[in-house]
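All remarks here apply to the structure that follows.
The values are calculated or read from the model by the stated rules, or taken from the named source; none is laboratory data. Predicted model only: the values in this text are computed from it and were never measured. Cβ: placed from backbone, ideal geometry, glycine included. Neighbour counts: every protein chain shown. Keep in mind that these areas ignore ligands, DNA and RNA; they rest on the heavy atoms of the full protein, side chains included. Shrake-Rupley method; radii C 1.70, N 1.55, O 1.52, S 1.80 Å.
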Amino acid sequence: MTTEHVTACPLDCPDTCSLTVTVDDGRIVAVDAAAGNAITDGFICQKVKHHAQRVYAPERVLTPLVRTGAKGAGQFRAASWAEALDVVAARMTDAAERFGPESVVPYVYNSSAPVLQDEVGMRLWRRFGASRVDHTICAATFSVAYHAVYGDMLSADPRDLLHSRLIVVWGANPAITNVHVAPLITRAQREHGARVVVIDPRATATAKRADLHLPIRPGTDVVLALAVARELARNDLLDREFLAAHAEGLDELLAAAEPFTLDRAASECGLAANDIAAFARDLATIRPGLIRVGWGLERNRNGGSACGAVFALPALTGQFGVRGSGVLASLGNATPLAFDPRDPDTPPERRRARHFNMNTFGTALCDPNLDPRIAVLFVQGSNLAATNPNQGAVLRGLARDDLFTVVHDQVLTDTARYADVVLPATTHFEVHDLAASYGAYALQEVTPVIDPVGESRSNNEVAADLAARLGFDITRYDPSREQVLARSLTDDGTYEGARELRADGTTVQFRDTFPSHDGRRAHLAGLPGLGAPRFAPLDDPHPITLLTPATHKTINSMFGEFQSADPAIHMHPVDAEARALVDGARVRVGNDRAQIVTTLRIDADLRPGVASMPKGLWCRELDGGLTANALVPDTLSDVAGGACFNDTRVEVTAL
Ligand SMILES: Nc1nc2c(c(=O)[nH]1)N[C@H]1C(S)=C(S)[C@@H](COP(=O)(O)OP(=O)(O)OC[C@H]3O[C@@H](n4cnc5c(=O)[nH]c(N)nc54)[C@H](O)[C@@H]3O)O[C@H]1N2
Ligand SMILES: Nc1nc2c(c(=O)[nH]1)N[C@H]1C(S)=C(S)[C@@H](COP(=O)(O)OP(=O)(O)OC[C@H]3O[C@@H](n4cnc5c(=O)[nH]c(N)nc54)[C@H](O)[C@@H]3O)O[C@H]1N2
Ligand code: SF4
Ligand SMILES: [Mo]
């Protein structure tokens with residue numbers, strides 16, 4: 001019998017589509033768009049159109065597994081849940097007794113899981129007294145910078161792009177990463193003559209259609225933003241009335257901007273001075289104007305000051321208060337859901353635990369002097385072997401004989417291959433939950449459309465199973481949907497209320513939503529370090545900056561099971577010629593951390609000095625088993641300990 005079900009896509013993508021899933025005889029046969037969602041607007045991405053292939057992929061984990069071969073070899077035998085959970089609970093208890101509970105580390109990310117899938121686990125890990133892993137790998141830098149300038153002010157609504165006459169796309173690639181925003185930009189251009197400015201080192205699809213493309217040198221966005229601020233001030237283009245009423249820190253911002261003349265910015269950013277001047281004029285004179293800030297610019301040593309300076313620009317020109325104006329950032333704070341992970345049973349001495357930064361986790365895993373050393377690692381909703389910086393250290397750490405690793409995942413990822421015990425996880429087609437969006441005003445219901453595949457269990461079920469084995473009062477860890485929801489909703493945020501969230505599509509900044517700082521004022525110079533950008537020494541022995549942007553084939557590393565992005569390195573013709581390299585050549589890409597071998601693609605869409613490889617590759621896609629992440633440094637951004645993926649320097653040589 002064939003049935004159709006409506007659900008939502010909770011994957012780590014801003015769009016959060018409404019889905020129609022066709023099920024035949026208990027199996028998913030098709031996934032497509034569901035009606036009634038203005039953002040989804042009748043289509044979904046090609047990845048999720050083929051999501052059934054992933055649900056039934058040969059890599060899908062169907063039963064608990066216990067390792068039989070060497071770590072990393074991916075050799076396992078099937079085990080029962082009872083056996084697997086007994087072993088995990090025993091290892092956790094043993095580690096806690098011998099080294100203290102902080103020797104147990106839950107590396108739990110779950111950015112592609114429905115929102116409530118963390119609820120039971122968050123309280124369990126705190127009750128246990130485990131170490132914590134801070135979510136710094138993505139958006140931490142961006143978020144801290146946004147908060148410093150605007151506090152809790154909500155993002156502009158992406159649907160308002162149709163009202164914009166100026167659209168600035170800064171360090172974002174909507175045609176790939178936010179596919180329902182790209183057509184809104186094109187419509188604004190075609191139907192309303194909106195002017196589009198794209199600031200990106202690569203000529204993305206959006207950049208190619210833009211009226212002005214500023215192919216900025218990576219990591220210099222703070223210089224560009226400050227030079228624009230200075231230019232606005234010098235040409236009397238500041239909106240003094242708006243600034244007096246709604247902002248603080250103007251003098252500080254302009255003081256930080258003072259050294260960055262047009263000429264200096266042109267030389268640091270690798271842009272034409274008159275393009276920078278034209279951009280400044282556009283910001284002041286074309287209204288309403290909206291800036292879509294992506295995550296490309298946060299991922300380097302200057303990421304925080306860059307985001308902070310960019311976020312301040314629309315305030316300088318008063319681009320707020322009407323539909324089609326403002327900053328399109330993350331809507332992650334728009335959903336009135338909040339769970340309180342402070343379990344009332346948590347003993348006071350366990351309320352403070354040691355924290356790890358995700359971006360330096362490989363080094364931590366390998367560190368023999370850590371006190372206590374990491375003895376038990378529980379990974380859930382992350383494929384850190386493929387997605388973390390400094391992949392070499394991550395893999396060395398995962399290979400440690402004295403480390404006991406548990407991976408709860410849907411498929412046998414690169415990380416799972418190193419596990420002692422693998423636990424099979426449900427997909428969002430198998431659970432009842434919620435999908436909260438970071439790119440749209442929508443909270444949607446995720447409904448189970450099929451039974452759990454194999455013996456897979458949800459995150460909340462696994463946490464409850466462990467709580468029971470660890471001897472905790474299991475009534476507090478009830479994983480049923482009713483109990484999880486009851487514990488998760490804020491007083492004023494009923495689920496029904498949340499679903500109606502801004503259904504009229506009008507969240508206009510400085511009209512419906514304001515900065516949460518005192519007096520509801522923006523803090524233009526809210527971040528320390530603004531104006532003191534950190535640059536690489538000119539004699540860097542590895543002169544090429546390697547970017548690793550998202551691709552249309554995968555969401556991070558998901559879907560790599562059946563459709564990998566091409567692992568080739570793309571390089572500008574000038575750089576290839578200087579190294580006597582031809583298209584299709586096998587090349588070595590290396591720096592002090594690693595050497596990897598791949599194929600060269602000559603690509604004039606890059607700026608000279610910049611190369612690109614896809615993010616999210618599985619290790620098996622490259623001879624030698626290391627991806628671009630082996631080249632990525634585990635240095636941190638200037639605020640929030642953010643990742644520096646786009647601050648990778650390499651040299652490329654013929655093999
Ligand atoms: N198809 C698909 N969609 C996704 C994802 C995916 O993997 N695949 N991932 C999701 C996730 S987790 C995230 S965080 C978002 C990311 O969404 P985006 O931020 O849009 O994606 P990125 O590809 O990381 O980077 C965007 C652009 O930044 C540019 N860039 C790199 N360095 C710099 C710089 O220093 N300055 C400037 N101005 N630009 C720079 C890159 O060339 C790239 O075109 O996408 C989400 N959507
Ligand atoms: N080189 C480079 N690397 C990057 C980036 C970059 O720009 N360049 N970007 C980074 C970014 S933006 C991000 S967000 C990170 C993401 O990094 P990861 O979080 O490692 O992302 P994924 O590879 O998608 O891994 C998520 C895993 O969660 C599993 N999963 C999904 N839903 C569930 C669930 O309900 N339960 C359980 N148990 N498992 C589930 C999936 O099967 C998948 O294996 O990667 C970062 N890595
Ligand atoms: S991954 Fe993004 S674009 Fe694709 S279906 Fe899910 S929400 Fe929509
Ligand atoms: Mo991300």
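Just a few scattered comments:
- Some residue of region 533-549 being without any contact (Cβ under 8 Å) to a residue 12 or more places away in the chain and of a type outside the set (D, E, K, R): yes
- Some residue of region 255-269 being farther than 21 Å from residue 199 by Cβ, touching a residue at least 12 places away in the same chain (Cβ under 8 Å), open to solvent by 30 Å² or more (accessible area, probe 1.4 Å) and in a helix (DSSP H, G or I): yes
- Scanning region 600-639 for residues being within 17 Å of residue 534 (Cβ to Cβ) and crowded, with 24+ Cβ neighbours inside 10 Å gives a total of 2.
- The lone exception for residue 532 - which of (1) more than 10 Å from ligand 1 (Cβ to nearest atom); (2) more than 26 Å from residue 227 (Cα to Cα) it fails: (2)
- Here residue 67 meets the list (1) touching an Asp or Glu at 6+ places or on another chain (Cβ under 7 Å); (2) open to solvent by less than 10 Å² (accessible area, probe 1.4 Å) almost entirely, failing just condition (2).
- Condition check for residue 578: at pLDDT below 95 and either touching a Ser or Thr at 6+ places or on another chain (Cβ under 9 Å) or open to solvent by 60 Å² or more (accessible area, probe 1.4 Å) (or both): no
- Strands (runs of 3 or more DSSP E) contained entirely in region 295-385, each with at least 2 residues that are away from ligand 1 (no atom under 16 Å from the Cβ) and at pLDDT 95 or above: 355-357, 376-380
- Residue 146 satisfies every condition listed in (1) more than 16 Å from ligand 3 (Cβ to nearest atom); (2) touching a Pro at 6+ places or on another chain (Cβ under 8 Å) except (2).
- Selected residue [within 22 Å of residue 453 (Cβ to Cβ) and more than 29 Å from the chain's Cα centre (by Cα)] from 57, 78, 89, 96: 78
- Restricting attention to region 158-207, the residues that are more than 17 Å from residue 295 (Cα to Cα), in contact (Cβ under 8 Å) with a residue 24 or more places away in the chain and charged (D, E, K, R) total 6.
- Residue list for region 270-294, restricted to those being assigned to a helix (DSSP H, G or I), open to solvent by 40 Å² or more (accessible area, probe 1.4 Å) and of a type outside the set (D, E, K, R): 274, 285
- Selection within region 124-145 - polar (S, T, N, Q) and within 13 Å of ligand 2 (Cβ to nearest atom): 136, 141, 143
- Considering region 23-55, the residues that are under 22 Å from residue 411 (Cβ atoms) and touching a His at 6+ places or on another chain (Cβ under 8 Å) include one that is nearest to ligand 3 (Cβ to nearest atom), namely 45.
- Annotation note: Cβ proximity below 6 Å between a residue of region 112-125 that is in the same structural domain as residue 347 (by TED's automatic domain parsing) and a residue that is modelled with pLDDT of 95 or more and acidic (Asp, Glu) (sequence gap 6+ or interchain) occurs for 112/12.
- Of all the listed residues (407, 411), the sole one being within 11 Å of ligand 2 (Cβ to nearest atom), in contact (Cβ under 8 Å) with a residue 12 or more places away in the chain, in contact with a helix residue (DSSP H, G or I) (Cβ under 6 Å, 6 or more places away or on another chain) and within 16 Å of residue 64 (Cβ to Cβ) is 407.
- Filtered residue count, region 183-229, keeping only those that are open to solvent by less than 30 Å² (accessible area, probe 1.4 Å) and of a type outside the set (Ser, Thr, Tyr): 27
- If you check 96, 78 for being more than 16 Å from ligand 2 (Cβ to nearest atom), of a type in the set (Gly, Ala, Ser), in contact (Cβ under 8 Å) with a residue 12 or more places away in the chain and open to solvent by less than 50 Å² (accessible area, probe 1.4 Å), only one passes: 96.
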